[in-house]
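Novice: Let me begin by handing over the structure; questions about it come next.
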Amino acid sequence: MATKSYRQALNEALAHEMRRDPDVVIMGEDVAGGAGGTGEVDAYGGPLGVTKGLIHEFGAGRVIDTPITESAIMGMAAGCAMTGLRPVAELMFADFLGVCLDPIYNQAAKFRYMFGGKARTPLVVRTTIGAGFRAAAQHSQSPYHLFTSIPGLKVVLPSNAYDAKGLLIQAIRDDDPVIFLEHKLLYDTVAEVPDEAYVIPFGEAAITRTGKDVTVVAMSRMVHFANEVADRLLAERIAVEVVDPRTTSPLDLDTIIESVSKTGRLVLIDESANRCSVAADIAALVAEHAFTALKAPIRLVLPPHTPVPFAPILEDAYIPGPARLEAAIRSIL
Amino acid sequence: MATKSYRQALNEALAHEMRRDPDVVIMGEDVAGGAGGTGEVDAYGGPLGVTKGLIHEFGAGRVIDTPITESAIMGMAAGCAMTGLRPVAELMFADFLGVCLDPIYNQAAKFRYMFGGKARTPLVVRTTIGAGFRAAAQHSQSPYHLFTSIPGLKVVLPSNAYDAKGLLIQAIRDDDPVIFLEHKLLYDTVAEVPDEAYVIPFGEAAITRTGKDVTVVAMSRMVHFANEVADRLLAERIAVEVVDPRTTSPLDLDTIIESVSKTGRLVLIDESANRCSVAADIAALVAEHAFTALKAPIRLVLPPHTPVPFAPILEDAYIPGPARLEAAIRSIL
Amino acid sequence: MQLTSDELLRAYRTMKSIREFEERLHAENATGDIPGFIHLYAGQEAIATAVCFDLGTRDHIGSTHRGHGHSIAKGCDIRGMMLEIFGRRAGLCGGKGGSMHIADLDHGMLGANAIVGGAPILAIGAALTSKVRGDRTVAISFTGDGGSNQGTVFEAMNMAVVLKLPCVFVFENNGYGEATGASYAVGAPSIAGRAAAFGMPATAVDGTDFFAVHDAARAGIARARNGEGPSAIEATAVRFHGHFEGDAQRYRARDETANCRRSMDCLSRFRGQVTQSGLVSPGQLELIDAEVLALIDSAVSGARAAAPPAIDDLLTDVYLAY
Amino acid sequence: MQLTSDELLRAYRTMKSIREFEERLHAENATGDIPGFIHLYAGQEAIATAVCFDLGTRDHIGSTHRGHGHSIAKGCDIRGMMLEIFGRRAGLCGGKGGSMHIADLDHGMLGANAIVGGAPILAIGAALTSKVRGDRTVAISFTGDGGSNQGTVFEAMNMAVVLKLPCVFVFENNGYGEATGASYAVGAPSIAGRAAAFGMPATAVDGTDFFAVHDAARAGIARARNGEGPSAIEATAVRFHGHFEGDAQRYRARDETANCRRSMDCLSRFRGQVTQSGLVSPGQLELIDAEVLALIDSAVSGARAAAPPAIDDLLTDVYLAY
Ligand SMILES: Cc1ncc(C[n+]2csc(CCOP(=O)(O)OP(=O)(O)O)c2C)c(N)n1
Ligand SMILES: Cc1ncc(C[n+]2csc(CCOP(=O)(O)OP(=O)(O)O)c2C)c(N)n1
Ligand SMILES: [Mg+2]
Ligand SMILES: [Mg+2]
């Protein structure tokens, strides 16, 4: 098996599915590398390099450069999904949901229910999240808590290259609308990734470290911090179990509760928000459904209730990181 | 003191502040009763009757009918707020945030922080929430969890006519952007409301029932259900304490924790969402900061993870109501 | 008159069905038995009917909050619609959608839409499906004068031009968006002119004249089918009822609707046009009137008698699999 | 040439300051010491300078992600900007905003904006403030060719026409939105024509000609000040650098930028125009060149030496009171 980057794993997933199914189309700004320029075709390779090369194999009819009109992109994607295609629409930064939420929130997510089960909207929205890119308040957010709260959507947060490929293939084959959130700081991380297509089912958490002393739930980039802290604490014979839900909707609550039942202690680390976060949601579910298993307060490691700042020293302090996670774990041992 | 409806209390708050401060302006669809018609001026009185009569006293220069372009309404409001006015912009239904989130989420909420403390955006967005109006999936949502999660915004949820007036006056005088959420099913509820202006500070919960056995946290319309259940259970000598935070951002966590410290039991009833709700947020805060006070699992009474259905029988089952609240309370006594 | 008498009768039946459906809803709504809000299309029948007249089942339309007329014109089952509006389990959407969300994907009806300006960005998606598959179907969006100002509508028009999508943007200018006059809210001299500036042919027609609308629609549809790209139509119209049922309409001059019903009724105009042409006899129309009336009667009594959804329906149809 | 020689020198100083600022940032960025992304305005200086030339401190502008030029033209402190771009505590925004969020409300600069198409809806708000107060100030929004397609931009234009707001919508067509050509993404024949269809005067000008832009801007600003409502300007321009620093620009023909620098440089064009007119001597311009260079030098060395924010700054400036 070859070592591949998260970026390449995603690119392979797209190529696989486009080869397999002529209904799969890709659309977004510069996804075909920028139409209408005076130079090379596909020079850009997609804003973050994920769609690189696809236009050469699949053509401009299926790899569609669009104007910078995110509502029209998302609406068009919803409309073609409900009429038979399987679009993968790119929203360059998740922050831009502000200009295109309606087709996701009030349209695609609700068609099936509003229409009494008669619609099918196999739409994938690929987008990027995460602070740490020095891109400031409007290009660094991680609003997956918001998508998680919307009934009708599935929400996927791959934390590594292997998962990225399997989850994206599942997302494309899935018949429900899926929000697929790629972390900007993971694109260059690598893992063993098979060349062939494979799927990772939604709603199945991964346990990335096993341990009996405390459960840490972490998503996306935060999984790496959790693993790092778990490895470090092992030296002190503190055994941390790390659970990566991989999808927050559906959520594999069973695996989380099973782990908490074993450890009796729960810490969550989450980049989504300080208030109404996914971490808070999971904490509440545990406090309701596994209360008696808890031997200590639940701890949440979250960003502060502030926008993402620009200056590196501030942004680094903003991001929930290993130091705060470790302190939170120690505080309940 | 006269008995007035929630609607009238809001109308009085607007009129008071417009009289007091020439910088207060109102804008939205039909808020001046519909410009450009062939009949009476102010015939509509605002889509939900809240702005009725204001155009006669303050004129079309300050009570501004707009096209149906919510992004332009919110952007214009943000822009005039940062240049000196105190706009009150109406978003007819909170569900429409899908077409106008950006000026709230990425602009107004973040100006002060992004600009290093140099901006002031005294914007009020008045909007309506709530299921029970038989208005189906796109006109019945209560997405205040989403606004609560956005740093830079304040979020207000008046549960009765008295609070509605005092909180709206505070919102208009407040120098930060405020999302003011009116529940459609509360407009005709009445309370004693003074004729003169008064303010209710943000971040101060109201205790609407006192009791030592269990704490119920409820917002907006849900407060009425909580009071109803508290009154009913009193007959069985079960003393329910009902806490209405009134603002979810800032949140009066102290009052909630004080109550839970006394009762040891917490139930939350919340219409916002099934996942990543305000209730889950508060539950997580309590599980983190008052864990040892808890004698039983926390219980959340939430809508299901579905869009709001149309048929009355389904919609009534969707809404978190007194029966489910009572059962949740009993389950942890 | 390029249509055959059979075609004229078909058009009449559609228009009359819409009219009867809406006028009957107006009456039924007064009994208090219809949940929620309904927005009646009466007065605008010629537009939906003419635009959808040449469409097949596999062509798509996207609609508005005022969607009953579009749905009927596109071939949705009238009984199923009535059941839905009454919130019944056997309704077109299982009682979960109601008047503002009637959809019927089997008939190419992508849904009424309670978000003003919601249809165009969805319609371009249906048009993209057509383009990718090369199946020569077309997609039509309906938008009101109020909705014509929404940013998403402009984005859709630009996208359609850029990708040369097979679609037609229909704007129904009935003079009002809720209580606000189109003369106030549309800053441009004309909706059609604004659409044309996006780089597509756009025509303004009298929406009370079935034949004028049909000519414009036929041209736009042909253009789309032939892969020549999008176009737009602005059709002026009149709204016989309030914005929603219950609207006192005091923002309209006291006799405005009465005058409209007298002088701008697309249905009587059509009746006059086709009987004068000699292609159709008054008797034939009266027969249709009676049939339509009977259908609506039975749709209403069927809907009144039908069962509401089962309580368990609350949790179904959110996902295909979860 | 209707400007005095003092005015011409002022215009030159502004253009030259922008050019020097941007070219210097290009070099500094290569050292890796500037955090994040910067988008350089070099090549478009005539537009910002001419549009802002007649504005006072109390007039407002709203900008884009490519905002350095607009900020300098509107009078923002160059040292403060440089400090901000380096992420320093003494920066115009305390280091919290960075290149994409430079704002200076004391100088009527409502902020660079990292949301493409973000400025117009904010600018109409500033224009509303002016209208409500009757203070004869105006508001200007800057938007790129890519941004010109955003729905919010169209909504802003319609709102401005409906409310007759004192504002000017400036579109800078530099041929690209990231890697996508304007010829592809703008479906309309012209951005100006599309704006005109919204019901306002709109002119297309050569954005490399300071005087052409200035004439158009002066007319639009006068119109706005006189309460006659909004207008629009489309100014064609060239982007000398990549979309952002680091962009390899292989989507542009190999010699495109070199050619642009040779034949479409607004700064050398201006230099030629004003020296040929005899109103200004080359020596006067060289003096300004030297002063500007010294200013930028000192701005950079000041920024390099300055302190970053204190860690506690993370939590301040979210609210005025909470
Ligand atoms: C995004 C959005 N804004 C506002 C509304 C409330 N609303 C419903 S219908 C309507 C008027 C629409 O006017 P028009 O587009 O002319 O259609 P008509 O009602 O005349 O058919 C408004 C403002 C809505 N449903 N969606
Ligand atoms: C809403 C939104 N969509 C996409 C982007 C990413 N983006 C940043 S700049 C840009 C291109 C803008 O092009 P144009 O408006 O022509 O301005 P220019 O860069 O040429 O100055 C894009 C797509 C963004 N910042 N905001
Ligand atoms: Mg209308
Ligand atoms: Mg450009």
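The values are calculated or read from the model by the stated rules, or taken from the named source; none is laboratory data. Since the structure is predicted, the reported quantities are computational estimates derived from the model, not experimental observations. Counting neighbours? That spans all protein chains shown, and the Cβs are built from the backbone with ideal geometry, glycine included.
Novice: Which is part of a helix (DSSP H, G or I), out of contact with any Pro (no Cβ under 8 Å at 6 or more places or on another chain) and at negative phi, of C:Ala224, C:Ala217?
Specialist: Only one candidate qualifies: C:Ala217.
Novice: What is the residue count in the stretch C:227-240 for residues that are away from ligand 3 (no atom under 12 Å from the Cβ) and part of a loop (DSSP other than H, G, I, E, B)?
Specialist: Result for the stretch C:227-240: 5.
Novice: Which members of the stretch A:79-100 meet the condition of being in contact with a strand residue (DSSP E or B) (Cβ under 8 Å, 6 or more places away or on another chain) and touching a residue at least 60 places away in the same chain (Cβ under 8 Å)?
Specialist: Hits for the stretch A:79-100 are A:Ala81, A:Leu85, A:Arg86, A:Pro87, A:Val88, A:Ala89, A:Glu90, A:Leu91, A:Met92, A:Ala94.
Novice: Report whether or not B:Pro245 is touching a Leu at 6+ places or on another chain (Cβ under 7 Å), closer than 23 Å to B:Thr210 by Cβ and within 14 Å of chain C (Cβ to nearest Cβ).
Specialist: No: the conditions fail for B:Pro245.
Novice: If you don't mind, there's one more thing I want to ask. Pairs please, first residue from the stretch C:273-286 and closer than 20 Å to C:Arg19 by Cβ, second anywhere and surrounded by fewer than 16 Cβ atoms within 10 Å (Cβ to Cβ), Cβ atoms under 7 Å, 6+ apart in sequence or on different chains.
Specialist: What qualifies is C:Thr275/C:Ser281; C:Thr275/C:Pro282; C:Val280/C:Ser5.
Novice: Take the stretch C:168-185 and flag every residue that is buried (at least 24 other Cβ atoms within 10 Å of the Cβ), within 11 Å of chain B (Cβ to nearest Cβ) and either under 17 Å from C:Glu155 (Cβ atoms) or touching a strand residue (DSSP E or B) at 6+ places or on another chain (Cβ under 8 Å) (or both).
Specialist: Of everything in the stretch C:168-185, those that are buried (at least 24 other Cβ atoms within 10 Å of the Cβ), within 11 Å of chain B (Cβ to nearest Cβ) and either under 17 Å from C:Glu155 (Cβ atoms) or touching a strand residue (DSSP E or B) at 6+ places or on another chain (Cβ under 8 Å) (or both) turn out to be C:Gly177, C:Thr180, C:Ala185.
Novice: Can you name every residue in the stretch C:186-216 that is surrounded by 22 or more Cβ atoms within 10 Å (Cβ to Cβ) and touching a Cys at 6+ places or on another chain (Cβ under 8 Å)?
Specialist: Answer for the stretch C:186-216, where residues must be surrounded by 22 or more Cβ atoms within 10 Å (Cβ to Cβ) and touching a Cys at 6+ places or on another chain (Cβ under 8 Å): C:Gly207, C:Thr208, C:Phe210.
Novice: A further question follows. Return the residues of the stretch A:110-146 that are buried (at least 24 other Cβ atoms within 10 Å of the Cβ), closer than 21 Å to A:Ile26 by Cβ and either outside the structural domain of A:Cys80 (by TED's automatic domain parsing) or out of contact with any Lys or Arg (no Cβ under 9 Å at 6 or more places or on another chain) (or both); say none if nothing qualifies.
Specialist: Selection gives A:Val125, A:Arg126.
Novice: Taking the criterion of being within 16 Å of ligand 2 (Cβ to nearest atom) and under 18 Å from the mean Cα position of the chain (by Cα), would at least one residue in the stretch D:220-233 satisfy it?
Specialist: Yes, the conditions are met somewhere in the stretch D:220-233.
Novice: Taking the stretch A:78-110 only, how many residues are within 7 Å of chain C (Cβ to nearest Cβ) and closer than 21 Å to B:Asp95 by Cβ?
Specialist: Count: 7.
Novice: Also: Please determine whether any residue of the stretch C:179-189 is at pLDDT 95 or above, under 17 Å from the mean Cα position of the chain (by Cα) and either more than 16 Å from ligand 2 (Cβ to nearest atom) or part of a helix (DSSP H, G or I) (or both).
Specialist: no
Novice: Something else about it: Exactly one condition in (1) among the acidic types (Asp, Glu); (2) more than 14 Å from chain D (Cβ to nearest Cβ); (3) under 23 Å from A:His224 (Cβ atoms) is not met by A:Asp316; state its number.
Specialist: That leaves (2) as the condition not met.
Novice: Name the helices (runs of 4 or more DSSP H) wholly inside the stretch C:60-167 in which the number of residues that are over 25 Å from C:Ala179 (Cα atoms) and more than 9 Å from every other protein chain (Cβ to nearest Cβ) is 1 or more.
Specialist: C:68-73, C:78-85
Novice: Here is a list: C:Phe198, C:Phe210. Which entry is in contact with a strand residue (DSSP E or B) (Cβ under 9 Å, 6 or more places away or on another chain) and either within 16 Å of ligand 2 (Cβ to nearest atom) or at negative phi (or both)?
Specialist: On inspection, the qualifying residue turns out to be C:Phe198.
Novice: Among the helices (runs of 4 or more DSSP H) contained in the stretch D:251-307, which hold 3 or more residues that are within 22 Å of D:Ala235 (Cβ to Cβ)?
Specialist: So the answer is D:256-263, D:266-277.
Novice: How about the stretch C:1-47: which of its residues are within 14 Å of chain B (Cβ to nearest Cβ) and among the hydrophobic types (A, V, I, L, M, F, W, C)?
Specialist: C:Ile34, C:Phe37, C:Ile38 - these are the residues of the stretch C:1-47 that are within 14 Å of chain B (Cβ to nearest Cβ) and among the hydrophobic types (A, V, I, L, M, F, W, C).
Novice: Tally the residues that are more than 14 Å from chain D (Cβ to nearest Cβ), of a type in the set (Ser, Thr, Tyr) and free of Cβ contacts under 8 Å to residues at least 60 places away in the same chain, restricting the search to the stretch B:111-165.
Specialist: Number satisfying all stated conditions: 1.
Novice: Follow-up question, since we're still on this one. With the requirement that a residue be assigned to a strand (DSSP E or B) and within 23 Å of B:Pro250 (Cα to Cα), what does the stretch B:173-211 give you?
Specialist: Those that are assigned to a strand (DSSP E or B) and within 23 Å of B:Pro250 (Cα to Cα): B:Val178, B:Ile179, B:Phe180, B:Leu181, B:Glu182, B:His183, B:Ala206, B:Ile207, B:Thr208, B:Arg209.
Per-residue answers, yes or no, for (1) in contact with a helix residue (DSSP H, G or I) (Cβ under 6 Å, 6 or more places away or on another chain); (2) within 12 Å of ligand 1 (Cβ to nearest atom):
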residue	(1), (2)
C:Val116	yes, yes
C:Leu128	yes, no
C:Phe171	yes, yes
C:Gly181	no, yes
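Novice: Right, something else. Restricting to the stretch C:256-295, name every residue that is farther than 30 Å from C:Gln2 by Cβ and of a type outside the set (Gly, Ala, Ser).
Specialist: The answer is C:Glu256, C:Thr257, C:Asn259.
Novice: Only one of (1) more than 17 Å from the chain's Cα centre (by Cα); (2) at positive phi fails for D:Gly175. Which number is that?
Specialist: Tallying (1) more than 17 Å from the chain's Cα centre (by Cα); (2) at positive phi, D:Gly175 fails exactly one: (1).
Novice: Just a yes or no: is a residue in the stretch C:189-208 within 13 Å of chain B (Cβ to nearest Cβ), of a type outside the set (A, V, I, L, M), without any contact (Cβ under 8 Å) to a residue 60 or more places away in the chain and more than 16 Å from ligand 3 (Cβ to nearest atom)?
Specialist: no
Novice: Against the condition exposed (fewer than 14 other Cβ atoms within 10 Å of the Cβ), more than 16 Å from ligand 4 (Cβ to nearest atom), of a type in the set (A, V, I, L, M, F, W, C) and over 30 Å from C:Met200 (Cα atoms), how does C:Ala248 come out, does it pass?
Specialist: Yes: the conditions hold for C:Ala248.
Novice: Okay, moving on. Specify which of the listed residues (D:Glu22, D:Glu28) is surrounded by 15 or more Cβ atoms within 10 Å (Cβ to Cβ), outside any loop (DSSP other than H, G, I, E, B) and in contact with a Phe, Trp or Tyr (Cβ under 6 Å, 6 or more places away or on another chain).
Specialist: D:Glu22
Novice: Here is a further query. Please state which one of D:Glu155, D:Glu172 is away from ligand 3 (no atom under 16 Å from the Cβ), closer than 19 Å to C:Gln150 by Cβ and acidic (Asp, Glu).
Specialist: Exactly one residue qualifies, and that residue is D:Glu155.
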